[in-house]
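Laboratory data are not the source of any read-out in this text; all were calculated from the coordinates shown. Computed from a prediction, not measured in an experiment: that's the story for all the values here. Note: ideal-geometry Cβ built from the backbone for every residue, glycine included; neighbour counts use all protein chains shown.
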């Protein structure tokens, strides 16, 4: 119907406004920005145009650009709770916490029972790290509108920070059961990556990886995979999260961050400590082979390489590293059979070079 009206009168501001609202509800934010800009050009006093433009920019992660149209929408319609909430959200996303709280409080005053407003109030509290206070408004939003995926997702994010993992699983599993869209799965995947997948949520993360990437990760590999993703996408966040870990794999994960940073001496020390405390993961041995060699920790490297050869006989690289470590320690005769085995399993220039190096 809206398309038909626009076909007959493409400059009808009311029809363009309705189209913007429809596109917003469908989550087609790439279209929303262009439609909102068109609406503003047709009707510069349309608060809907500015509010929808802010929403479209925010959902496109153009947070700084989203603030000014949100302010304009509030100036045009200060008594609209959803408009105030939109400004609060835009301000919160750009770190303007105090002003975001004021806008959210005004939105709650205008519409204290609106689930969307409750969600934004909880979100703003969370963005200002008032995690405990954020639970009640977000839970109220879910109670009033249980099929809204964003309500459940944001409640789960707060519960995740509070360590209430069973409740996180409950909220996000319900969200995915109701709407297993790629967007919702990616929300879960990306948020769990930021916290390096707490062990009770590893199964949920496995499901998300399988749905998004077709990867079926073993549970022990889940956190190492998540750390790799976080180091690629947000190294500063990776540093923050590993330093506050108290889990049994904390030493290993810190070592992987140090290795990534090229701090091999510290990485080697952490890996040796993690091994002494019982860690036997493939990731530990892989990292130790490189960091111990770079740090000159040849004795530790040789010991770990010998162990890795026994634990992972199908990984020829461990033979190569074991031979290199023994060579560095002057144990040429002990290194020769390892180099020969490596050459049989992985014939090529690298094997030929190793054999020649041993004489």
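On full extension, the segment bounded by residue 332 and residue 102 gains 75.6 nm, given 0.36 nm per residue less the C-alpha separation. For the chain, adding -39500 (n - 2.57) for each run of n ≥ 4 DSSP H residues and dividing by the number of residues yields -24500 deg cm²/dmol at 222 nm.
Against the main long axis of the alpha-carbon atoms of the chain, helix 115-127 sits at an angle near 40°.
The stretch 34-59 and the stretch 326-340 have Cα centres spaced 70 Å apart.
Spatial offset of the stretch 72-122 relative to the stretch 203-225 amounts to 37 Å, using the alpha carbon center of each.
Treating the angle as unsigned and between 0 and 90°, give the value, to the nearest 10°, between the Cα long axis of helix 282-295 and the longest Cα principal axis of the chain. Value to nearest ten degrees: 70.
Send over the semi-axes of the chain's equivalent ellipsoid, whole angstrom and largest first, taken as the square roots of 5 times the C-alpha gyration tensor eigenvalues. Show your work: numbers first, answer last.
Details: eigenvalues 587, 96, 62 Å².
In descending order the semi-axes read 54, 22, 18 Å.
Modelled this way, with points 7 Å down the Cα-to-C-beta line, the labels at residue 356 and residue 144 are 7.5 nm from one another.
FRET efficiency for residue 179 and residue 215, Cβ-Cβ distance as r, R0 = 22 Å, nearest 0.05? List each step's numbers first, then the result.
Values: r = 22 Å, r/R0 = 1.01.
So, using R0 = 22 Å, E works out to roughly 0.50.
For residue 21 and residue 307, a Förster radius of 51 Å and the Cβ-Cβ distance give a FRET efficiency of 0.20, rounded to the nearest 0.05. Pairs of Cα atoms nearer than 8 Å and 6+ residues apart set the relative contact order; for the chain it is 6 percent. Label separation (residue 345 vs residue 62): 5.3 nm, computed from points 7 Å beyond Cα along the C-beta direction.
Give the shape of the stretch 259-359 as rounded, prolate or oblate, defined through the alpha-carbon gyration tensor: a ≥ b ≥ c are the square roots of its eigenvalues, a/c under 1.5 means rounded, and otherwise the shape is prolate if a/b is larger than b/c and oblate if not. Before the final figure, lay out the partial values.
Numbers: a/c = 1.93, a/b = 1.62, b/c = 1.19.
Since a/c reaches 1.5 and a/b is larger than b/c, the shape of the stretch 259-359 is classed as prolate.
The C-alpha atoms of the chain define a longest principal axis, and helix 332-345 lies at about 50 degrees to it.
Compute the Cα gyration tensor for the stretch 135-183, then decide on rounded, prolate or oblate, letting a ≥ b ≥ c be the square roots of its eigenvalues: rounded whenever a/c is under 1.5, prolate when a/b is larger than b/c in the other cases, and oblate in all that remain. Could you put the intermediate results ahead of the total?
Details: a/c = 1.99, a/b = 1.22, b/c = 1.64.
Here the stretch 135-183 falls in the oblate category.
Going from the residue with the fewest nearby Cβ atoms within 10 Å to the one with the most, 292, 22, 157 rank 22, 157, 292.
Anyone know which of 24, 213, 264 comes out most mobile in the 10 Å Cα GNM of the chain? With Cα springs under 10 Å in the chain, the top fluctuation among 24, 213, 264 is at 213. Comparing mean-square fluctuations of 274, 237, 349 from a GNM of the chain with C-alpha springs under 10 Å, the top value falls on 349. Hey, in the GNM for the chain with a 10 angstrom Cα cutoff, which one of 337, 235, 115 fluctuates hardest? The residue with the greatest mean-square fluctuation here is 337. Each residue, residue 37 and residue 186, gets one label point 7 Å from its Cα in the Cβ direction; the gap between the two is 2.1 nm.
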